[in-house]
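Peer 1: The structure under discussion is supplied below as structure tokens; questions concerning it will follow.
Each value in this text was obtained by applying a stated rule to the coordinates, not by laboratory testing. Since we're looking at a predicted model, the values are computed, not measured. Ideal geometry is used to build each Cβ from the backbone, glycine not excepted, and the neighbour counts take in all protein chains shown.
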Amino acid sequence: MNVDPNAASDVIHLDLDEAGRALLADWKYINEQQNAGAWSEHAGAYIAVYDKRVLGHGPNPLKLREEVAAKTGLSPNRIAITYVHPGIES
């Protein structure tokens, strides 16, 4: 089957390495947990997520990323940082 790479499509294909797929899985987990109201204790703060675990929280996303990376030895680019909005949780 020949596929025209220039043809319009509603499907987006991402060419991700293992780390990229893991980060994408963490973002999926974050969305699921946010929608379930799982992080009400962190409302109004940022959280750092890696491997479907919250590794830290705080008011400054850049500082949080640096602190979690230093504490864990992870690449800062591998840590998902998101804001927990007040009122999203149940």
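Peer 1: I'm checking my understanding of the structure. Among residues of region 69-90 that are surrounded by 17 or more Cβ atoms within 10 Å (Cβ to Cβ) and over 14 Å from the mean Cα position of the chain (by Cα), which one is farthest from A19 (Cα to Cα)?
Peer 2: Per the criteria, the residue is E89.
Peer 1: How do the pairs read when you match residues in region 64-81 that are closer than 18 Å to I30 by Cβ and without any contact (Cβ under 8 Å) to a residue 24 or more places away in the chain with residues anywhere that are acidic (D, E) and assigned to a helix (DSSP H, G or I), using Cβ under 9 Å and keeping only pairs 6 or more apart or on different chains?
Peer 2: Listed pairs, sorted by first residue: P76/E66.
Peer 1: To continue, here is another question. In region 7-42, how many residues are closer than 13 Å to R53 by Cα and among the basic types (K, R)?
Peer 2: Within region 7-42, residues that are closer than 13 Å to R53 by Cα and among the basic types (K, R) number 1.
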